[in-house]
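I have placed the structure first, in the form of structure tokens, so that the comments after it can refer back to it.
Where a number appears in this text, it was derived from the coordinates with a stated rule and is not lab data. Remember, predicted model here, so these are calculated numbers, not experimental data. Here Cβ is always computed from backbone atoms with ideal geometry, including for glycine, and neighbour counts include all displayed protein chains.
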Amino acid sequence: MSTITASVPATKPMRTGASLRRSRRWALFASYFFLILFAIFFLAPPYYMVVTALKTDGEMAKLATNPWFIYDGVTLDQFRILLYNTDFLIFFKNTIIVTVCVVAITMVVSVLAAFALGRMRFWGSSILATGIFLTYLVPDTLLFIPMFQIVKSIGLLNSYWGMVLVYPTLTVPFCTWIMIGYFQSIPKELDEAALIDGAGHMQMLFKIFIPVALPGIIAAMIFAFTVSWAAFVYPMAFLYSSDQQVLTVGTVTSLIRGDVYKWGMLMAGALLAAAPPLVIYAFLMDYYIAGLTAGATKG
Amino acid sequence: MADTVQTWGSTVPDKAAAKPNKMQKFLRQRSTIAFLMCLPLILIIICLVIYPAFYSIYLSMLNKSQTRFIGLGNFAFLISRDTFWQVVAQSTIFALSAVFFKALIGLITAHLVNNLPVKGQRKWRGMLLVPWVIPLALSTLGWWWMFDPTNSAFNYTLRSLGFEGIPWLSDPYWARFSVILVNVWYGAPFFLIMYLAALKSVPEQLYEAASIDGASAWQKFIHITLPMMRNIIAITVLFSLIVTFANFDIVQIMTAGGPRNMTHMFATYSFLLGIRSGDLPLGAATSLFMFPILGIAAVFILRGVRKRGREIG
């Protein structure tokens, strides 16, 4: 091994400079080429949804033109039909209510628990932390049938308040888990200083931990928001009348009436329903990604 | 809460004098507060995760009208059905192939993005993560429309290139391919983000040292990148296996299990039996079959996360 390494610089010092630069340029070119191919694969469906939502029904029925492009002019008719002739706005309102409540509950529960678990050791705290991580790994499709029975027995079947009750099981464990990581990364000296100044636990939490761990809190909020906005199994199983329905299920089931699929309107609905998470992602991408990667790296 | 503030003020100054019984009281009080802060979380986990889990086991041992205890009757019934074994096969095929391709595409795209100049990386990363951000149910609706047999975008493109249209969702095998394709499309960006973050954490000196030793790009990948990323790859793959195995949205929306029950997964099959057909015990029994597989994956993830936590320090 040592003989090889010793001989390498000696044998080809002249070549490496130019060829390295050339091969770098080739690598960069190839990277761009393949990335564009992957980007086409990743972005084709959303692009096609946009194109469909902006087409007239007439153009879609003709089947004559290339479906990937718009020929007969852009129209907002599909959005108008969606907003005026369907229950879409009711779904939107329900989803907002559910999501706001779930995010609020999640943040209160998980910040308190993470503060306790990340800073104050107590009997069973490490078992609890492990338990939290394991509950995060429980998928919603494992428990939705007993949940159906439980929600029914409380009388919240076919009510979006039932969603407010069950969604925290999807959001709280992960949010607590990443908040524990963020809180633990705060230097111990800070809370010692606060203790010496006579701060109580609550003062410490609100004056030090929450402000310092704000990026983590935003990441956790984004996670809770996207999960409860996109949840599908529970509303699919528990909600059936359209005045209680949420966006995901409402768009997929209630907007489809009979055998004639109004694809333009459906795509308009899907786009509007996907808009809030996309907007949040566009503005808070770094927090979004921090939350995404924190699960496996923190803790 | 006010009195705790006061006691804090009084206990802390004589902490230096640390009498054991005072220290004990201090700890006890502290742990009581900590426990109270965890109480809402504990209640959620007990009432909405642990209780349903045990209730599910009980429920799965009842008959359809939930009036009679039939022991393992539902499980025996499921095992005797061909459709159930089809569900097992399809869930396994779906999860293994989808996770494999997600991890592969994630690894490739992460390397491609990492090759770019640092300035442009953010833009590409932002663009490539879009499939993960759109709620899966809604993007699946978009895919369904692209798969539509008569006016579908895919078949138009195929025909204009001189091929024949493909019965994407009406042929059982193409339907299996289609649902896997959608899952790969949705999940690959997650792997991209995880691997990109992991790539960034590999110390640059290692590559420099390897370059000096004359290592090729492939050798660097095999001997530096892969070993350094081994743990994060294991965690993401196992995590994705759980989520993919338990997937519901894609199959429910695009095929609802059809054609000929060939695309049913555990989640959609238990939805069909439990909610659609109203046989909750049988549905509960079906979803319980997922438990051992998910449990094994979960244990390995936990081990990996702990190890990684120690590595990071």
Item to check | Relative packing of peptides A:281-294, B:79-92 - highest average C-beta neighbours within 10 Å first | outcome: A:281-294, B:79-92
Item to check | Debye log10 I(q)/I(0) at q = 0.12, 0.20, 0.24 Å⁻¹ for region B:187-300, Cα point scatterers | outcome: -0.62, -1.04, -1.25
Checklist entry - Could you give the length gained on full extension between A:F283 and A:F206, defined as 0.36 nm per residue of separation minus the Cα-Cα distance, in nm? => result 25.1 nm
Next on the checklist: What aspartates and glutamates does B:K123 reach when the alpha-carbon gap must be under 20 Å and sequence neighbours fewer than 8 apart in one chain are set aside?
Outcome noted: A:D286
Checklist outcome for this item: Contour minus Cα-Cα span, A:D77 to A:I96, at 0.36 nm per residue, comes to 4.4 nm
Checklist outcome for this item: Computed, not fitted: 222 nm per-residue ellipticity of chain B from DSSP H runs ≥ 4 (each -39500 (n - 2.57)), nearest 500, equal to -23000 deg cm²/dmol
Checklist entry - Roughly what would the spin-label model give for A:L43 and B:A209, points 7 Å off Cα along C-beta, in nm? => result 4.0 nm
Next on the checklist: To the nearest 20 Debye, how big is the dipole of chain A about its Cα centre, given +1 on the beta carbon of each Lys and Arg and -1 on that of each Asp and Glu?
Outcome noted: 1140 debye
Checklist entry - So what's the gap between the Cα centers of region A:126-202 and region A:50-98, to the nearest angstrom? => result 38 Å
Checklist outcome for this item: If unit charges are put on Cβ atoms (+1 for Lys and Arg, -1 for Asp and Glu) and the dipole of the protein assembly as shown is taken about its Cα centre, the option from B:G258, B:A153, A:S19 lying farthest towards the positive end turns out to be A:S19
Checklist outcome for this item: Quick calc, the protein assembly as shown, dipole around Cα centre from Cβ unit charges on Lys, Arg (+) and Asp, Glu (-), nearest 20 debye, gives 1560 debye
Checklist entry - Taking H as built 1.01 Å from N, whose amide H comes closer than 5 Å to the amide H of B:L62, not counting residues under 5 places away? => result B:I70
Item to check | Projected label distance in nm at A:Y240 and A:S19, using a 7 Å step from Cα toward the beta-carbon | outcome: 7.2 nm
Next on the checklist: Per q in 0.16, 0.19, 0.20 Å⁻¹, report the Debye log10 I(q)/I(0) for region A:48-90, using one uniform scatterer on each alpha carbon and no solvent.
Outcome noted: -0.43, -0.57, -0.62
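Fewest to most neighbouring Cβ within 10 Å: what's the order for B:C47, A:C101, A:C175?
B:C47, A:C101, A:C175
Net charge around B:Q86, counting only other residues with Cβ within less than 12 Å of its Cβ (Lys, Arg = +1; Asp, Glu = -1)?
+2
Averaged across B:111-120, how many Cβ atoms of other chains sit within 10 Å of each residue's Cβ atom? Present the calculation step by step, with values, prior to reporting the outcome.
Working: counts 2, 11, 3, 1, 8, 4, 1, 0, 0, 2.
The mean count of partner-chain Cβ atoms within 10 Å per residue comes to 3.
Stokes-Einstein D for chain B at 37 °C, 0.692 mPa s, Kirkwood Rh over Cα pairs, in µm²/s?
138 µm²/s
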Item to check | Viscosity 0.890 mPa s, 25 °C: Kirkwood-radius Stokes-Einstein D of the protein assembly as shown over Cα pairs, µm²/s | outcome: 92 µm²/s
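Over 18 Å between Cα atoms, which of B:K119/B:K220; B:K200/B:K220; A:K62/A:K262; B:K119/B:K200; B:K102/B:K220 qualify?
B:K119/B:K220; B:K102/B:K220
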Checklist entry - What average number of partner chain Cβ atoms lie no more than 10 Å from the Cβ of the residues making up B:80-87? => result 0
Checklist outcome for this item: Descending packing, highest mean Cβ count within 10 Å first, for A:66-72, B:128-134, A:104-110 is B:128-134, A:104-110, A:66-72
Checklist entry - Using the Cα atoms of region A:87-297 to build a convex hull, what is its mean projected area in square nanometres? => result 13.7 nm²
